[in-house]
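K.L.:
Structure incoming, see below.
The values are calculated or read from the model by the stated rules, or taken from the named source; none is laboratory data. Note that this is a predicted model, so its numbers are computed, not measured. FYI the Cβ positions are ideal-geometry reconstructions off the backbone, even for glycines, and counts take in every protein chain you see.
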Amino acid sequence: MRAPILGALVSAQTKSFVIAGQVARNQVRSTMTRGRLITLAGVVAVLASLCATPSALAITYDAGADFSQTTNPNGVWSFGQYVGGTVDPATFSAYTVSTANFGPSASLFLWHGAGLDPNVGMTTSLTAVNDYGIDWQPGKIVIGPAGGPSVVRFTAPATGTYNLAANFAQVQGAPGEGATAFIFNNGTLLFTRQSVLAPGGSYFNPNIILSAGDQLDFGAFATSRSTQLSVTIGTGVATADFNNDGMTNLVDYGILTSNWLQTVPSLTLGDMDNNGVVNLADFASFRQVYHLVNGGSGSDLPAVVPEPSTMMLSVAAGILCLLWARKRARTTV
Ligand SMILES: [Ca+2]
Ligand SMILES: [Ca+2]
């Protein structure tokens, strides 16, 4: 009989909050027994553990945040190249050499092979720098594909369901000069696109099954122009919980629409595909996740996101209707 138990828990939790307030105000009343305190504390602890369990199990691997200047591979991430100049995941070889404090800014850290190119690197500066005509953003990996495909590889630590959000953006050269980005899953091509200037090209998959040891490769080739890579891989099915309340619902949808076409921190406030902009691709991804998490067809979600101008017209129309109704009411009394 779950309902009475839950009711009792809620009731007990309410009592505990009331008692906690009394403790703060009155410094523990003598009428309160130790046994009652322990019982209520236990109930609160059980409720807290029930709420914390799902998020505690989820792990998110972030290639930028996990980027290491000391080890390669570093956990699930490896930085390397396809040897021989062709796009062949079977030829992957991890970089063995690193160079620190490099470039005019003396802030670049590069993993590379015998030569400086190709490479995978990042600035250690806390602010953006522009070295060699490349836009180096703090915390963002830059793939240098001169001389052959350069790759960031994820090796699945365990068999299970994962979610994936990756974004490639050209950060060097004129529009159209960018390298061709790719994603392979165990040698099978998942995504390819010639990088465009930021916000670039994205790949989002809320529900991908991987076996332990499976390899996802994120790389770029074809030109020497550098490409920024943002990629996170989480365990479990993706969520779209922008307000961190443990649910993916219409409140989160409201957050997405309120940030429509805005620049936001990656993977927050409606950004689903790691490019830091909230747009139609995020709306499509949100619908996908909403269905996965809540089931059904998602018929309670609008089919399309209203354009900001449409929303403003709707608000204006509403105000006019209200004013007209008030005027009509006054004239008919
Ligand atoms: Ca939420
Ligand atoms: Ca986005």
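K.L.:
Could you grab me the full set of residues in the range 244-291 that are acidic (Asp, Glu), within 23 Å of residue 216 (Cα to Cα) and either under 10 Å from the mean Cα position of the chain (by Cα) or more than 9 Å from ligand 2 (Cβ to nearest atom) (or both)?
P.N.:
271, 273
K.L.:
Hey, can you tell me all the residues within the range 253-271 that are buried (at least 18 other Cβ atoms within 10 Å of the Cβ) and of a type in the set (Gly, Ala, Ser)?
P.N.:
Of everything in the range 253-271, those that are buried (at least 18 other Cβ atoms within 10 Å of the Cβ) and of a type in the set (Gly, Ala, Ser) turn out to be 266, 270.
K.L.:
Moving on. Give the range 185-236 a look and list any residue that's under 19 Å from the mean Cα position of the chain (by Cα), among the aliphatic types (A, V, I, L, M) and part of a loop (DSSP other than H, G, I, E, B), or say none.
P.N.:
Of everything in the range 185-236, just one residue is under 19 Å from the mean Cα position of the chain (by Cα), among the aliphatic types (A, V, I, L, M) and part of a loop (DSSP other than H, G, I, E, B), namely 198.
K.L.:
Quick check on residue 274: is it surrounded by 22 or more Cβ atoms within 10 Å (Cβ to Cβ) and outside any strand (DSSP E or B)?
P.N.:
Criteria met by residue 274.
K.L.:
If you check 239, 257, 227, which single one turns out to be away from ligand 1 (no atom under 16 Å from the Cβ) and among the β-branched types (Val, Ile, Thr)?
P.N.:
227
K.L.:
Look through 204, 218, 184, 168 and report the one residue that is aromatic (Phe, Trp, Tyr) and touching a Pro at 6+ places or on another chain (Cβ under 6 Å).
P.N.:
Testing whether each residue is aromatic (Phe, Trp, Tyr) and touching a Pro at 6+ places or on another chain (Cβ under 6 Å) leaves just 184.
K.L.:
Quick check: anything in the range 252-271 in a loop (DSSP other than H, G, I, E, B), of a type in the set (Gly, Ala, Ser) and modelled with pLDDT of 95 or more?
P.N.:
yes
K.L.:
Look at residue 198 and say whether it is aliphatic (A, V, I, L, M) and over 19 Å from residue 137 (Cβ atoms).
P.N.:
no
K.L.:
Just to be sure, is residue 79 modelled with pLDDT of 50 or more, farther than 30 Å from residue 188 by Cα and not in a loop (DSSP other than H, G, I, E, B)?
P.N.:
Criteria not met by residue 79.
K.L.:
With the condition kept exactly as written, say whether any residue in the range 109-130 is among the polar types (S, T, N, Q), without any contact (Cβ under 8 Å) to a residue 40 or more places away in the chain, in contact with a His (Cβ under 8 Å, 6 or more places away or on another chain) and assigned by TED's automatic domain parsing to the domain that holds residue 219.
P.N.:
yes
K.L.:
Kindly check whether there is at least one residue in the range 228-243 that is buried (at least 16 other Cβ atoms within 10 Å of the Cβ), free of Cβ contacts under 8 Å to residues at least 40 places away in the same chain, within 14 Å of ligand 2 (Cβ to nearest atom) and not assigned by TED's automatic domain parsing to the domain that holds residue 91.
P.N.:
Scanning the range 228-243 turns up at least one residue that is buried (at least 16 other Cβ atoms within 10 Å of the Cβ), free of Cβ contacts under 8 Å to residues at least 40 places away in the same chain, within 14 Å of ligand 2 (Cβ to nearest atom) and not assigned by TED's automatic domain parsing to the domain that holds residue 91.
K.L.:
Right, something else. Any chance you could count how many residues in the range 200-227 are on the phi > 0 side of the Ramachandran plot and within 16 Å of ligand 2 (Cβ to nearest atom)?
P.N.:
1
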